[in-house]
Amino acid sequence: MVVVGLFDSLRRRAKGGQRAGTLRKASSEDTRHLEEWAASRRGVEAYVEPKTNVTETTVVLIAHDGEWTRRRIGSLDAAQQFGHRRSIPVYEVARVGYPKRMREYTERKKRGQA
């Protein structure tokens, strides 16, 4: 017989052993993905998104054609160091917004043209 408490679902652990509802920190997998993605594309720029109540600091890498990827990163400083080591310019989304090529790429992808 299995006994299930009324609030057991609230105590379940999310992927990676974290409690549900807690913010996941940037991992080595996140960094590895960013490194491999940036190395395999040209004209890459980094756009840092600030930490919110539900999401840790993230960085969006955007290639010359607008293709993009997003992953968690430790902080704005960590993003700036990541960019500096790879000669990638780093921008704060809150200050400059996203580039037009990213929006155009997303629209093309929605239409199945990317």
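A short reminder: the numbers here are calculations on the coordinates, not readings from a lab. Quick caveat: nothing in here was measured; it's all calculated off a predicted structure. Virtual Cβ from ideal backbone geometry, glycine too; neighbours counted across all protein chains shown.
Quick notes on this structure:
- Contour excess over end-to-end distance, with Cα ends at ASN53 and ARG41 and 0.36 nm allotted per residue: 1.2 nm
- Placing R0 at 25 angstrom, the Cβ-Cβ distance between ASP65 and SER27 gives a FRET efficiency of 0.35 after rounding to 0.05.
- Percentage relative contact order, the range 24-114, counting C-alpha pairs under 8 Å, at least six apart: 29 percent
- Positive-end residue of LEU76, TYR105, THR57, charge dipole of the range 32-114 with Cβ unit charges: TYR105
- Gyration tensor verdict on the range 37-114 (Cα atoms; rounded if a/c is under 1.5, prolate if a/b is larger than b/c, oblate otherwise): oblate
- Restricting the chymotrypsin sites (Phe, Trp or Tyr not before Pro) of the range 28-114 to loop positions (DSSP other than H, G, I, E, B) with no more than 15 neighbouring Cβ atoms within 10 Å leaves nothing.
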